[in-house]
Structure formats: C-alpha cells, structure tokens
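Structure first, then comments.
The values are calculated or read from the model by the stated rules, or taken from the named source; none is laboratory data. Note that the structure is predicted; figures quoted are calculated from it, not measured. Positions of Cβ are backbone-derived with ideal geometry, glycine not excepted, and every protein chain shown enters the neighbour counts.
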C-alpha cells in the first residue's frame, strides 16, 4: 500500500490526499524503550512534538547495517529509514543553517564560520516553543568552543540567526538540562539535540555514537508524549564522510557518497518502512514545519511518513 503523508494543522490530523480528519487515538500500554518496540506501538495522532538529533560526518554506508551500530540498525528495522537522504552541502555550518532556516545554498555560509550571522526566519522563530540542548556547552548560547574542544559553535545553529538572538539566551542550553526539563514538563514543540564531538561520530567512532544514542534516546522514548504517538524523533547526519574536497557542492542533487547520509525517523505511531525517495535536510525541515502547522521555509517538500491507520 502506498505510504500516506499526514499533516497537522492545530490539533487535527489530515490525510493530504483526502483531507480526512481522524480522531486522536489513545496510547498503547507498551512502555519498553528498546529499539525493537520504538515504533508501531500507537495509532496515528496529531504530532505535537518534533525532536532532531544531529550526528556528524558519516555516510550512509558507514552506519546503516554496520555491526558497529546495532542500536541504530535496530531502530531502522522497526521505524522509518530513508535510504536516499542527502545533506545540503559541505562543510558542517551551512548544513545546520540551511536545515533549520531553509536558506538556499547560494546564501549559506561557505565555511564553518562562527561569527557570521543569518537574517530571516528559522524553525526557532516559527515554532511555538523550542529548546536546543548542546552536550558539553557550559553556558547558555555559548559563542565560543569549550575549553576541552568537545562543544563547537558550528554545531549550534540557533546562534547564527539574528532573529532568534533573544531566545538563544534562554532556550539554547547545556545538554545537562534535558533530564530536569523532562522531569518537569512535556517536550517543547521543537527540540534540537547535538551530542558533543566524542559522541556525534565526528571525532569519536560509529560505535561510540551508537552507544550514546542507546543510552540517551530512551529518556525521550519513555515519555508519555512519545508513547501516545504525538512525538517524532529524526536522527540525522549533517554531512557524509570525506567531503572536505567538495566544499560548496550541491549535495541535494549529487550522487557522491559523501553527500548520502543516514536518516532514521522514530515514532510510536510510525510503521516500519524503508523509503528510497530522495530527500534532503530541506525536506526534513518542511516535514517538521508541516507537522507542527507552521509555514514552510525554503525549497523543501514534506516527506511521506508511514503512520499507522
């Protein structure tokens, strides 16, 4: 059966092709947070929370199906894996800025600059509520790398957008805040998480990143707003391996292996699917904005998501 795209406007779940409004479903009683039960345990309900977890510098073939990534392989076997996902370009910073702001390639920073600023809107100005969690960042909205070099500004996209400056000081926070935040309140409408360089597969290994996800992701997957099907988690990579010689390349239309990145979408209301449809970071942004019922920035097209009937 052809996969269906579900779009959320306010609190209604609409099937795009027929504009059929479905009632909200109740969550199942499943509470396991293992990869084997991460998806397909709830019926489709309106998506109220979207989480992005950004990993680093690994191509699709480095991760998916690798013996070094058993947790991610398990997630992919139960959830949605996009087998033709692509970055926007090389290096890191333009991917983070483009993916969160819909900024076209011609207007993205060309390097991993830390003091360049981006005008215009972003998911941080679009979402009703948001929070960014940066591992190893020691103070809110930090604009310099930490003493140990594990936090870097180029992986913290909200710092680039001038229109989000006020919010950055409040809601761009150290990763250590995630646990207390989860204990105190539901997830924000949009959440952006960056592991540090040792855990995002940039400086560390594929195995180290997979272990980090195995240890950290269950805190989200055990949340009531995840178990009831109203939360989606996108685990994605900024760019592939070996892209240093391809700076400025349009990866969205390139077949180079350094542009082909892993993308796994996790949700209790999702069925398993392996989707070969070409998608880019722009499309993930459009999907997120559409699900959250805010205007779409940039050139992306919403993805087709296999929600349970």
Residues in the range 144-155: is at least one at pLDDT 95 or above, under 16 Å from the mean Cα position of the chain (by Cα) and within 23 Å of residue 287 (Cβ to Cβ)?
yes
Out of (1) assigned to a loop (DSSP other than H, G, I, E, B); (2) at negative phi; (3) surrounded by 13 or more Cβ atoms within 10 Å (Cβ to Cβ), the one residue 143 does not meet is (3)
Here the residues within the range 107-128 that are within 21 Å of residue 170 (Cβ to Cβ), over 18 Å from the mean Cα position of the chain (by Cα) and not in a loop (DSSP other than H, G, I, E, B) are 118
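Does residue 137 satisfy the criteria of being closer than 25 Å to residue 82 by Cα, touching a residue at least 12 places away in the same chain (Cβ under 8 Å), surrounded by 16 or more Cβ atoms within 10 Å (Cβ to Cβ) and touching a strand residue (DSSP E or B) at 6+ places or on another chain (Cβ under 9 Å)?
no
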What number goes with the only condition from (1) crowded, with 17+ Cβ neighbours inside 10 Å; (2) at pLDDT below 95 that residue 242 does not pass?
(1)
